[in-house]
Amino acid sequence: MMDLNALRQFVVVARLEHLSRAADELHVAQPSLSRTIARLESELGTPLFERSGRLRLNEAGRLFRDHVERSLGELEAGRRAVAEAAGEGLGTVRLASETFLTLTGPLAAYKRAHPRAEIELHWSPAEDMARRLRAQDVDLCVASQPISAEGLESRRLFDEAVGVGVPLDHPLAGRACVTVDELAGHPIVTARKGHWQRRLLDRLFSARDLTPKIVCEVDESSAIASLISAGLGLGLVPAFARRTSTRAPGTWIAVDSAECRRTVTLYWSAGSHLSAAARLMRTMITDWDWTTGETPQED
């Protein structure tokens, strides 16, 4: 029978595709981790990784990883279900998002309505969300870009225009609308690769054979508005942030492109056991009035 700890270690190696980084994350010695992976491959009768140069999952490894993640997720769901049944309260909800600025309204309303519920917030890039949901590492994910994976259910929350924020003294500040071509050559503040703002920026520029002049990359999109206000450059800012942020990035200008939009979607794993806290959070987010930013009214 396969060792449960060995399976957990395999999932980390499969995610990172790097033995030394996986060993650091797991707090184990790299030789020990290598032996664990070798034993798994021996039990399965086939290699799970390509070892020519950089360590990479092969087809068998990807197949095995998907099954292991689902199995470990079911075990964790079972543990949580028993803990919920044996204890009191609503349990815990684990929510992942690319940014939590969008979610401050429903999160505050949820905490007021359900003070006994425990909330865990996890920052996550969109490309990791399907894996985390499948492994039941988190219960719910909110993404500003599509997630394509089997076994997920979703609810679109809202769709909105994305404009460009510029400092008040910028030459474009008086404009009502700009084209993507007009943004070329201007210093741009954006998020790192993987974030929705960066993917949108790259997509808009590459469609016109342009290269953005990026002067600053950040990990948290909330910093973009502050850096724009400080005069470092201009950057993509969603209409939602324009309406709700107290740190408006100078002035907001519409972009003359039908592609310059984002769609915010809530995802969860189909058929997974959600705690009472997670089910209530899902209801709060899906029922939230994203236009007015007000708590849903009960009948």
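Pairing each residue of region 1-17 that is in contact (Cβ under 8 Å) with a residue 24 or more places away in the chain with any residue that is among the aliphatic types (A, V, I, L, M) and in a loop (DSSP other than H, G, I, E, B), provided the two are 6+ apart or on different chains, yields C-beta distances under 9 Å for Gln9/Val28; Phe10/Leu48; Val11/Ala135; Val13/Leu48; Val13/Leu55; Ala14/Leu48; Glu17/Leu55. The set of residues from region 25-79 being surrounded by fewer than 13 Cβ atoms within 10 Å (Cβ to Cβ), of a type in the set (Asp, Glu) and free of Cβ contacts under 8 Å to residues at least 40 places away in the same chain comprises just one member, Glu59.
Report yes if some residue within region 195-216 is touching a residue at least 24 places away in the same chain (Cβ under 8 Å), in contact with a helix residue (DSSP H, G or I) (Cβ under 8 Å, 6 or more places away or on another chain), farther than 18 Å from Ala143 by Cβ and among the basic types (Lys, Arg); otherwise report no. Taking every residue of region 195-216 in turn, at least one turns out to be touching a residue at least 24 places away in the same chain (Cβ under 8 Å), in contact with a helix residue (DSSP H, G or I) (Cβ under 8 Å, 6 or more places away or on another chain), farther than 18 Å from Ala143 by Cβ and among the basic types (Lys, Arg).
Mind telling me which of the residues Val13, Val28 ends up being of a type in the set (Val, Ile, Thr), outside the structural domain of Arg131 (by TED's automatic domain parsing) and part of a helix (DSSP H, G or I)? Among Val13, Val28, only Val13 is of a type in the set (Val, Ile, Thr), outside the structural domain of Arg131 (by TED's automatic domain parsing) and part of a helix (DSSP H, G or I). Note on region 202-216: residues that are closer than 20 Å to Ser144 by Cβ and loosely packed, with under 15 Cβ neighbours inside 10 Å total 3.
Hey, can you tell me all the residues within region 217-228 that are touching a Phe, Trp or Tyr at 6+ places or on another chain (Cβ under 9 Å) and buried (at least 18 other Cβ atoms within 10 Å of the Cβ)? Of everything in region 217-228, just one residue is touching a Phe, Trp or Tyr at 6+ places or on another chain (Cβ under 9 Å) and buried (at least 18 other Cβ atoms within 10 Å of the Cβ), namely Ser221.
Return a yes/no flag: does region 111-120 have any residue that is under 16 Å from the mean Cα position of the chain (by Cα), modelled with pLDDT of 90 or more, closer than 14 Å to Ser269 by Cβ and of a type outside the set (A, V, I, L, M). Looking through region 111-120, none of the residues is under 16 Å from the mean Cα position of the chain (by Cα), modelled with pLDDT of 90 or more, closer than 14 Å to Ser269 by Cβ and of a type outside the set (A, V, I, L, M).
Within region 36-78, restricting attention to residues that are polar (S, T, N, Q) and in a helix (DSSP H, G or I), the residue that is nearest to Arg132 (Cα to Cα) is Ser71.
Of all residues assigned to region 96-111, at least one qualifies as being of a type in the set (Val, Ile, Thr) and more than 18 Å from Thr263 (Cβ to Cβ).
Residues that are basic (Lys, Arg), under 18 Å from Arg279 (Cα atoms) and at pLDDT 90 or above within region 122-177 comprise Arg155, Arg156, listed in sequence order.
The values are calculated or read from the model by the stated rules, or taken from the named source; none is laboratory data. Quantities reported herein were computed from a predicted structural model and do not represent experimental measurements. Don't worry about glycine lacking a Cβ; one is built from the backbone with ideal geometry, like all the others, and counts go over all protein chains shown.
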